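Taking it in order: structure first as structure tokens, then the write-up.
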Amino acid sequence: GKKMLQYEFNCFIDNLGININTETDEYGPIVTWDESALYFTSRRSTENVLADDGKSYEKVYVSKIDANGNFQLPEVLKKISDKKHVAVQAISNNGQSMIVYKTKNSGDLYEAKMTKGDFGKPKNMKKNINTKFHETSASYSFTGDTLYFCSERDGGFGGHDIYISIRDKKGKWGKAINLGDVIN
């Protein structure tokens, strides 16, 4: 960052427009590697069910991006979203896996797989990832075999610590390892 400050460069920030942005909250944008779709979380009203704060529950949306770079009207991912908060956290580099946060327990991470061009119902990432504490903010490595995420589990250095889990050859996520006091 300090090195970059030595050089002047132009940066433009453009609003993505009314197809994406509404008067409600939109956040957690993830563009696929091939720039064909934008996944994001929004609290726009899709039903009359409201959370404790009076806003609609978080849901995951996808907006396809056309050949001219225009964002199409977003659609809620019905197999991903449910009647409580669900927020997109990560999309694998190959676009075949998605991690979402759900407010189950104190907050757990779930993984959905792409089948026939559509993400299926997310599955709980189980005990190596989720605990009775809050887990969130997940990210895949480039190859998709390593997961970085935050957890408030016991044994950390305080608050949300960053953990790593490696996927084994059978596709199971390994025991979470705290990244240590240099990071946390």
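The values are calculated or read from the model by the stated rules, or taken from the named source; none is laboratory data. From a predicted model like this one, the values you see are computed outputs, not experimental measurements. Note: ideal-geometry Cβ built from the backbone for every residue, glycine included; neighbour counts use all protein chains shown. The accessibility values were calculated without ligands, DNA or RNA, using every heavy atom of the protein model including side chains. Shrake-Rupley method; radii C 1.70, N 1.55, O 1.52, S 1.80 Å.
So the values come out like this:
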| item | result |
| --- | --- |
| In sequence order, calculated HN-Hα J values of the range 103-116 (Karplus, 6.51, -1.76, 1.60; Hz; x Gly/Pro) | 7, 5, 6, 8, x, 10, 9, 10, 10, 10, 10, 7, 9, 6 |
| Where the range 33-184 is the region considered: accessible area per residue in Å², 1.4 Å probe | 57 |
| Gaussian network model of the chain, Cα within-10 Å springs - most flexible of N68, N128, N105 | N68 |
| Within the accessible area of the chain (1.4 Å probe), percent carbon and sulfur | 53 |
| Spatial extent of the range 1-82: Rg and Dmax, with the Cα atoms as the point set, Å | 16.1, 51 |
| Shape category assigned to the range 47-184 from the gyration tensor of Cα positions, a/c cut at 1.5 | oblate |
| Eligible lysines near K79 by straight Cα distance, threshold 24 Å, same-chain separation 8 or greater | K55, K59, K64, K102, K104, K113, K116, K121, K123, K126, K127, K172 |
| Lys, Arg +1 and Asp, Glu -1 on Cβ, resulting dipole of the range 111-164 about Cα centre, debye, nearest 20 | 340 |
| Cα radius of gyration and Dmax for the range 81-124 (Å) | 10.3, 32 |
| Qualifying trypsin sites (Lys or Arg not before Pro) in the range 96-146, DSSP loop, other Cβ atoms within 10 Å at most 15 | K104, K116, K126, K127, K132 |
| GNM result for the chain, Cα springs below 10 Å: residue of G107, G28, G117 fluctuating most strongly | G117 |
